[in-house]
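One structure is given here, and the rest of the page talks about it.
The values are calculated or read from the model by the stated rules, or taken from the named source; none is laboratory data. If you're wondering where the values come from, they're calculated on a predicted model, not measured in any experiment. Glycine also receives a Cβ, built like all others from the backbone with ideal geometry; neighbour counts cover every protein chain displayed.
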Amino acid sequence: MQKTVVWFRKDFRLHDNPALSEAAKEGFVIPVFIWSEEDKREYAESEASSWWIYHSVATLEKQLQAHGLKLFIKYGDEFDALVEVMDEAEANAVYFNERYEPVERKKESRIKAQLESIGKKVQSFHGHLLFSPDLLNKQGEPYKVFTSFWKRCMQEDVARPRPFPVEMKGIERGIHSLALNQLRIIDEKNWHQKFDEYWKPGEHPAVEKWQQYLEDGMSFYHAKRDFISSGSSSELSPYIAAGNISVKAMWHSAKSVSEETTEASVHQSIDTFLKQLIWRDFAYHQLIHKPDIIRYPLRKQFLDFPWQGTEEQLMKWKRGQTGYPLVDAGMRELWKTGMMHNRVRMVTASFLVKHLLIPWQEGYNWFKHTLLDFDAANNATGWQWVTGCGIDAAPYFRIFNPFLQSEKFDPSGRYIRKWVPELSNLQAPYIHKPWEAPVSVLEKADIQIGVTYPLPIVDHAAARNRALDAYQQVKGT
């Protein structure tokens, strides 16, 4: 029987795991997780998601153990580690699911070639996306407009999720393995340990959350997804990013619910939700074909954009001290929980690049550092969309008004009140623009503008005009 090393890498689940299911069918399964120097450097810039990865590996280790398999943990160069495991186990094959970040694609190509050069069998699988990353338009080029990509995807079949491998044969001895905590993926005393209050990473929590959302939350998604305190968000993005749950499994289970109901609102909500999953694929297609999108604007005229923001303003944005309540609430929620509602992400991002004229790459890097659901493709595509410098992006002159956004999508101020406690005694409508509240109202709420809560660091109207003037300088170039 074949002995196959299954290399886990951001696919920390047993259900619909193509590499694992194929290996299980063909013989003995040798699960491996490798932490390299490259990973160490990369995740030093992504501390929140490193917390999620650590706990995802820990839960995977327990799951495999329950099925009679040991997860072997290695540190160092991936090729060397894989060869070491194969020699120790007398294995002759390596299976893994592909990743699409530029560094990971180069790594996969190198390791495949190295293993094949020494006579080892190597097979990779598409387990991370709904559709093949080779999906091209009629001209044989990658799609540049999301609507066209979405319409094409709706004509394609999403592969059925692979069955859970019920019987798996493993090898318990003869392979050296580190303990997970020896990798020092996270610092036990670091800022992100507070995430324990809010999250339980891993496959079982992901599947449970998804099932509950299908039953209780999905029907409201279309109508309420932009309302910040509505509870219509699935909160599944960190699980998706780490591969705790299969997007193909989500797609088909949502489709099944849609087929079983006659309620138009449910059909509409499911279609809207699935469109978001397709957007994720679209983002990865951009990253695959334009790997520089994590650093450079796709619209080259933005290379000469006259950014004017200061380091002090950037720091106030990060800390939620801008004097714009919705922006501050979002940035504080991010720091506290590692997450932020999608509507608020757009508002905070727009504020950084358009109100403060700070380069979008600064926002990308901060989100990379603090988001539990950090995903290079989604993060880069989102920032370029908001900035107006990417493919199929929002026009630069679309500038979110944070006051109107909070009045519309957090009308009672519930979200602001939760994350900006110094404003907790202030009621709507004043909570959206606290400096406009009468002195008597502020005194009753125990608020001193400029003391207990800051004045806006920029005037909205002036900032908007400045942003449009800056855009005019690069518009025709």
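Please go through (1) of a type in the set (V, I, T); (2) surrounded by fewer than 17 Cβ atoms within 10 Å (Cβ to Cβ); (3) at pLDDT 95 or above for T4 and return the number of the only condition it doesn't satisfy.
T4 satisfies all of (1) of a type in the set (V, I, T); (2) surrounded by fewer than 17 Cβ atoms within 10 Å (Cβ to Cβ); (3) at pLDDT 95 or above except (2).
Just checking, how many residues over region 456-477 are exposed (fewer than 12 other Cβ atoms within 10 Å of the Cβ) and within 21 Å of L326 (Cβ to Cβ)?
Total satisfying the criteria: 2.
Which condition from (1) assigned to a strand (DSSP E or B); (2) touching a Phe, Trp or Tyr at 6+ places or on another chain (Cβ under 7 Å) is the one that Q114 breaks?
(1)
Would you point out which residue out of D87, D80 is acidic (D, E) and in contact with a strand residue (DSSP E or B) (Cβ under 9 Å, 6 or more places away or on another chain)? Steps first, please.
Numbers: D87 fails: in contact with a strand residue (DSSP E or B) (Cβ under 9 Å, 6 or more places away or on another chain).
Residue meeting the stated conditions: D80.
Being outside the structural domain of L334 (by TED's automatic domain parsing) and either among the basic types (K, R) or assigned to a helix (DSSP H, G or I) (or both) is the requirement here; does F79 meet it?
Numbers: outside the structural domain of L334 (by TED's automatic domain parsing): yes; either among the basic types (K, R) or assigned to a helix (DSSP H, G or I) (or both): yes.
The answer is yes for F79.
What pairs come up if the first residue lies in region 114-138 and is within 30 Å of Q155 (Cα to Cα), the second is surrounded by fewer than 17 Cβ atoms within 10 Å (Cβ to Cβ) and of a type in the set (D, E, K, R), and their beta carbons are under 7 Å apart, counting only those six or more places apart or on different chains?
F131/E156; L135/R152
From the list E45, E61, which residue is within 22 Å of the chain's Cα centre (by Cα), surrounded by fewer than 24 Cβ atoms within 10 Å (Cβ to Cβ) and closer than 30 Å to K336 by Cβ?
Details: E61 fails: within 22 Å of the chain's Cα centre (by Cα).
Exactly one residue qualifies, and that residue is E45.
Please count how many residues of region 207-242 are in contact with a His (Cβ under 7 Å, 6 or more places away or on another chain) and surrounded by 22 or more Cβ atoms within 10 Å (Cβ to Cβ).
Residues flagged as in contact with a His (Cβ under 7 Å, 6 or more places away or on another chain) and surrounded by 22 or more Cβ atoms within 10 Å (Cβ to Cβ) within region 207-242 amount to 1.
Just one of the numbered conditions (1) farther than 20 Å from S234 by Cβ; (2) of a type outside the set (V, I, T); (3) not assigned by TED's automatic domain parsing to the domain that holds A223 is not true of M346; which one?
If we test M346 against (1) farther than 20 Å from S234 by Cβ; (2) of a type outside the set (V, I, T); (3) not assigned by TED's automatic domain parsing to the domain that holds A223, just (1) comes out false.
Going by what's in this entry, would K138 be described as in a helix (DSSP H, G or I) and either surrounded by 18 or more Cβ atoms within 10 Å (Cβ to Cβ) or outside the structural domain of G27 (by TED's automatic domain parsing) (or both)? Spell out how you get there, then give the answer.
Values: in a helix (DSSP H, G or I): no; either surrounded by 18 or more Cβ atoms within 10 Å (Cβ to Cβ) or outside the structural domain of G27 (by TED's automatic domain parsing) (or both): yes.
Answer is no for this residue.
Just to be sure I understand, how many residues within region 126-168 are among the aromatic types (F, W, Y) and under 17 Å from I391 (Cβ atoms)?
Going through region 126-168 one residue at a time, the tally reaches 4.
Which of the residues that make up region 179-238 are at positive phi and within 20 Å of the chain's Cα centre (by Cα)?
First, the residues of region 179-238 that are at positive phi: 184, 202, 231, 235.
Scanning region 179-238 gives G202, G231, E235.
For region 259-278, enumerate the residues that are surrounded by 18 or more Cβ atoms within 10 Å (Cβ to Cβ) and either in the same structural domain as D410 (by TED's automatic domain parsing) or more than 30 Å from S412 (Cβ to Cβ) (or both).
The initial filter retains those residues of region 259-278 that are surrounded by 18 or more Cβ atoms within 10 Å (Cβ to Cβ), namely 266, 269-270, 273-274, 277-278.
Of everything in region 259-278, those that are surrounded by 18 or more Cβ atoms within 10 Å (Cβ to Cβ) and either in the same structural domain as D410 (by TED's automatic domain parsing) or more than 30 Å from S412 (Cβ to Cβ) (or both) turn out to be L274, L277, I278.
Any residue in region 445-458 that is in a helix (DSSP H, G or I) and either of a type outside the set (A, V, I, L, M) or closer than 19 Å to H341 by Cβ (or both)?
Filtering region 445-458 for residues in a helix (DSSP H, G or I) gives none.
Within region 445-458, none of the residues are in a helix (DSSP H, G or I) and either of a type outside the set (A, V, I, L, M) or closer than 19 Å to H341 by Cβ (or both).
Which is buried (at least 17 other Cβ atoms within 10 Å of the Cβ), touching a Phe, Trp or Tyr at 6+ places or on another chain (Cβ under 6 Å) and at pLDDT 95 or above, of A93, A19?
Answer to the check: A19.
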